[in-house]
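The structure appears below as structure tokens.
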Amino acid sequence: MSTPNVEKHEFQAEIKQLLEIVIHSLYTEKEIFVRELISNGSDALEKMRHLMITEKNVFDSDLELEVKITTDDTANTITIQDFGIGMTKDELVKSLGTIAHSGSKQFLEALKEGGEKNANLIGQFGVGFYSAFMVADEVKVYSRSWQEDQPGHVWTSSGAGSYEVEEVEGQRRGTKIVLKLKEDSKQYATDSSIKEIIKRYSSFVQFPIKLNGESVNTIDALWLRNKSEIKDEEYTEFYKFQANAWDEPRYRLHFSADAPLAINALLFVPNENPERAGFGRIDPAVALYCRKVLIDPKPDELLPEWMRFAKGVVDSEDLPLNISRETMQDRSLIQKLGRVITKRFLKFLAEEAKKRQDQYQEFYDRFGFFLKEGVATDFTYKDELSKLLYFESSAQEKGKKTTLADYVSRMKEEQKEIYYILGQNRESIESGPYLEGFKARGLEVLFLYEPVDEYVMSNLREYDEKTFVSADQGDIKLDDVAESPESGGLDETESEALCKWLKETIGDRVKEVKVSDRLVDSPAMALSPDAMSSQMRRMMQQMGQDSGMPNEVLFEINPRHALMVNLNAQRESNADLAKLIALQAFDNSMVAAGLLEDPKDMVSRMYEILSQASEK
Ligand code: ADP
Ligand code: MG
């Protein structure tokens with residue numbers, strides 16, 4: 001076999017692993033290989049269509065842009081040919097010998113987590129070209145690049161560890177894949193079975209597909225058709241085709257506009273959020289077309305980044321076919337188009353939130369993160385996005401969420417600010433000291449559980465002209481509570497003296513000690529002196545960043561609490577213990593505020609207090 005121009009190559013290790021699974025998988029829907037190979041052909045044709053616009057010297061430039069399939073049930077083969085851009089020798093080696101395809105990558109990731117029993121996930125991820133090895137025991141890929149000076153090659157493999165590449169004469173432009181079918185896959189060598197598979201999976205391909213000489217698809221740009229004539233199933237099928245998805249879409253928005261730009265758009269929101277399932281950051285996937293011609297399948301400047309969960313198609317007649325990201329004019333045109341679509345999409349979501357609340361909540365639970373990311377990173381849609389946000393709050397039962405508008409409608413007459421508090425979860429917020437003062441005054445506080453919420457608040461700043469204020473911030477002035485607290489606490493002079501002593505005892509770590517107007521059940525609390533909340537500070541510290549502001553803490557005490565009453569007495573009777581207790585109370589409040597950096601002293605001091613207490 002080793003003629004001088006045959007080159008033997010090993011597959012990359014990942015590909016070997018993938019092939020091993022593909023070949024031995026018991027995955028029942030092996031027929032998806034037809035979809036994968038047709039879609040590769042279609043991609044290559046799409047690229048060719050673009051090159052035709054810009055390149056003068058194209059090899060075989062008179063060929064039709066189409067996919068040709070032939071079956072031969074005597075030889076047991078199926079051949080899938082496209083007249084697309086083809087591959088040079090280097091491209092053959094790189095594209096078919098190493099892992100590039102994101103579906104294959106995700107598939108391998110899923111396998112790592114779930115073991116081989118996940119092999120039936122093949123259909124969900126689509127292992128691209130390698131799916132051919134599910135049905136064939138030999139695959140030959142003949143390819144000739146569009147570049148005139150590049151010769152044709154044939155790539156051959158049985159899928160077992162290696163492949164060979166050899167130069168061939170007489171090759172037309174594009175790629176021809178010949179599959180020698182396995183014994184148990186002979187059905188794919190018959191015209192009727194392939195026709196059915198194409199109808200099922202590839203009806204939206206934008207190029208003619210010819211099966212044994214006969215055209216089998218109608219080229220249909222669903223998004224250009226009249227809404228009222230499209231059935232739900234057609235939309236769903238289109239979504240599955242376009243997004244390479246297997247689920248049903250959660251939302252769909254089909255609209256057209258004439259001004260300021262002529263637009264036909266069909267957008268989908270998938271059922272699940274793959275980022276939440278741990279599959280890493282998703283690529284933008286709303287394809288850009290101009291009059292049915294694909295301009296860019298994954299334009300990254302069309303829609304804002306946080307819209308990356310959306311799938312679908314945007315078609316605008318106003319775009320030039322040879323649009324270029326390098327020219328300012330074209331870029332701003334794409335961005336303008338994107339703004340119109342984003343605004344329309346946000347309006348759609350707002351309507352849905354109103355009309356079908358439960359359904360919207362389900363969407364929000366899965367995709368709300370993207371909306372928050374939008375508020376946190378993009379000022380353009382702040383107002384629209386802020387109306388779509390939902391939070392738990394002290395006035396709602398657990399699990400129920402409120403909009404900011406509803407919060408505002410419940411605000412007390414004299415209330416000017418919107419209060420929020422960031423915490424791990426509802427329990428930790430409710431058991432902390434910060435809520436008490438608000439509760440006692442009947443003020444509602446929003447509960448925020450995600451790190452991104454802090455950025456959301458600091459970017460929004462206000463809603464309906466009401467400023468957002470973190471409940472653990474030091475400079476909030478709350479009105480006096482109407483009924484004065486039960487007696488038995490320290491009086492004003494005693495409280496002041498205690499505060500003064502505490503400041504001296506704690507020293508530089510505290511900026512000021514004062515009597516709290518917020519505390520009801522807790523003995524004390526630590527507060528950030530500025531707008532940057534303690535949670536934010538902690539997050540920045542964790543990220544190794546300097547929070548940029550002096551960490552000066554306010555310490556507020558509750559003079560009605562038994563601990564403070566006793567402490568005040570003890571600083572006369574048992575000064576040593578009183579000092580320990582003061583420091584410990586301060587550290588406790590720092591822990592609750594998320595401000596304690598080094599718990600070392602705290603632990604040893606705690607033992608000291610315990611041993612003193614156990615002496616009695
Ligand atoms: P994907 O299509 O998602 O990139 P595949 O495994 O299906 O992954 O294909 C891998 C790569 O091989 C493609 O990205 C492309 O570069 C190349 N390729 C496959 N089929 C063809 C074809 N018919 N014409 C040109 N290039 C192809
Ligand atoms: Mg592919």
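Considering (1) over 31 Å from the mean Cα position of the chain (by Cα); (2) closer than 21 Å to E167 by Cβ; (3) within 16 Å of ligand 2 (Cβ to nearest atom), say which one V67 fails and leave the rest.
(2)
What about S228, is it small (G, A, S), in a loop (DSSP other than H, G, I, E, B) and over 22 Å from A350 (Cβ atoms)?
For S228, the condition - small (G, A, S), in a loop (DSSP other than H, G, I, E, B) and over 22 Å from A350 (Cβ atoms) - is not met.
Restricting attention to region 256-285, which residues are of a type in the set (A, V, I, L, M) and either open to solvent by 40 Å² or more (accessible area, probe 1.4 Å) or in a loop (DSSP other than H, G, I, E, B) (or both)?
Within region 256-285, A259, L261, A262, A277, I282 qualify.
Can you find, within region 576-605, the residue that is farthest from I506 (Cα to Cα) among those that are at pLDDT 90 or above and aliphatic (A, V, I, L, M)?
Only one residue fits best here, namely L577.
Residue by residue, here is whether (1) within 11 Å of ligand 1 (Cβ to nearest atom); (2) assigned to a loop (DSSP other than H, G, I, E, B); (3) at pLDDT 75 or above holds:
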{"residue": "I85", "(1), (2), (3)": "yes, yes, yes"}
{"residue": "K94", "(1), (2), (3)": "yes, no, yes"}
{"residue": "S104", "(1), (2), (3)": "yes, no, yes"}
{"residue": "N118", "(1), (2), (3)": "no, no, no"}
{"residue": "A132", "(1), (2), (3)": "yes, no, yes"}
{"residue": "V141", "(1), (2), (3)": "yes, no, yes"}
{"residue": "Q147", "(1), (2), (3)": "no, yes, yes"}
{"residue": "H153", "(1), (2), (3)": "no, no, yes"}
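Anything in region 370-388 that is out of contact with any strand residue (DSSP E or B) (no Cβ under 7 Å at 6 or more places or on another chain) and open to solvent by less than 20 Å² (accessible area, probe 1.4 Å)? List them, or say none.
Matches in region 370-388: F370, L371, K372, G374, V375, Y381, L385, L388.
Give all pairs with beta carbons closer than 9 Å in which a residue from region 225-252 that is within 19 Å of I282 (Cβ to Cβ) and in the same structural domain as L349 (by TED's automatic domain parsing) meets a residue that is in a loop (DSSP other than H, G, I, E, B) and open to solvent by 80 Å² or more (accessible area, probe 1.4 Å); count only pairs at least 6 apart in sequence or on separate chains.
Between residues of region 225-252 that are within 19 Å of I282 (Cβ to Cβ) and in the same structural domain as L349 (by TED's automatic domain parsing) and residues that are in a loop (DSSP other than H, G, I, E, B) and open to solvent by 80 Å² or more (accessible area, probe 1.4 Å), the close pairs are Y239/E248; K240/W246; K240/E248; D247/E272; R250/E272.
Being open to solvent by 30 Å² or more (accessible area, probe 1.4 Å), over 35 Å from the mean Cα position of the chain (by Cα) and more than 10 Å from ligand 1 (Cβ to nearest atom) is the requirement here; does K89 meet it?
It is true that K89 is open to solvent by 30 Å² or more (accessible area, probe 1.4 Å), over 35 Å from the mean Cα position of the chain (by Cα) and more than 10 Å from ligand 1 (Cβ to nearest atom).
Residues that are away from ligand 1 (no atom under 16 Å from the Cβ) and over 28 Å from V313 (Cβ atoms): does region 216-235 have at least one?
no
Quick grid of which residues meet (1) away from ligand 1 (no atom under 11 Å from the Cβ); (2) in a helix (DSSP H, G or I); (3) open to solvent by 10 Å² or more (accessible area, probe 1.4 Å); (4) modelled with pLDDT under 95:
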| position | (1), (2), (3), (4) |
| --- | --- |
| S2 | yes, no, yes, yes |
| K16 | yes, yes, yes, yes |
| L19 | yes, yes, no, yes |
| Y27 | yes, no, yes, yes |
| K30 | yes, no, yes, yes |
| G41 | no, yes, no, no |
| K47 | no, yes, yes, yes |
| L51 | yes, yes, yes, yes |
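Going by the structure shown, is T79 away from ligand 1 (no atom under 11 Å from the Cβ), modelled with pLDDT of 90 or more and open to solvent by less than 70 Å² (accessible area, probe 1.4 Å)?
yes
Answer yes if at least one residue in region 447-464 is within 18 Å of V520 (Cβ to Cβ) and among the hydrophobic types (A, V, I, L, M, F, W, C), and no otherwise. Spell out how you get there, then give the answer.
Let us first name the residues in region 447-464 that are within 18 Å of V520 (Cβ to Cβ), namely none.
No: region 447-464 contains no residue that is within 18 Å of V520 (Cβ to Cβ) and among the hydrophobic types (A, V, I, L, M, F, W, C).
If we scan region 389-397, do we find a residue that is without any contact (Cβ under 8 Å) to a residue 12 or more places away in the chain and either under 30 Å from P523 (Cβ atoms) or assigned to a loop (DSSP other than H, G, I, E, B) (or both)?
Checking region 389-397: at least one residue is without any contact (Cβ under 8 Å) to a residue 12 or more places away in the chain and either under 30 Å from P523 (Cβ atoms) or assigned to a loop (DSSP other than H, G, I, E, B) (or both).
Hey, can you tell me all the residues within region 400-409 that are over 14 Å from Q357 (Cβ atoms) and surrounded by fewer than 14 Cβ atoms within 10 Å (Cβ to Cβ)?
S409
Taking the residues in region 468-496 that are assigned to a loop (DSSP other than H, G, I, E, B), closer than 30 Å to M457 by Cα and open to solvent by less than 30 Å² (accessible area, probe 1.4 Å) as candidates, determine which candidate is modelled with the lowest pLDDT.
G474
I want to confirm something. Restricting to region 53-63 and keeping residues that are outside any helix (DSSP H, G or I) and open to solvent by 20 Å² or more (accessible area, probe 1.4 Å), which single residue is farthest from ligand 1 (Cβ to nearest atom)?
Of region 53-63, the ones outside any helix (DSSP H, G or I) are 55-63.
Still in the list and also open to solvent by 20 Å² or more (accessible area, probe 1.4 Å): 55-57, 59-63.
Values: E55: 16, K56: 21, N57: 19, F59: 14, D60: 14, S61: 17, D62: 19, L63: 13 Å.
Taking the candidates together, the pick is K56.
With within 18 Å of L96 (Cβ to Cβ) and without any contact (Cβ under 8 Å) to a residue 40 or more places away in the chain as the only criterion, which of V127, V154, V178 stands out?
The unique qualifying residue is V154.
The values are calculated or read from the model by the stated rules, or taken from the named source; none is laboratory data. It should be emphasised that the depicted structure is a prediction, and the values quoted were computed from it without experimental measurement. Every residue, glycine among them, receives a Cβ derived from its backbone with ideal geometry; neighbour counts consider all protein chains shown. Surface accessibility is based on the protein's heavy atoms, side chains included, excluding ligands, DNA and RNA. Shrake-Rupley method; radii C 1.70, N 1.55, O 1.52, S 1.80 Å.
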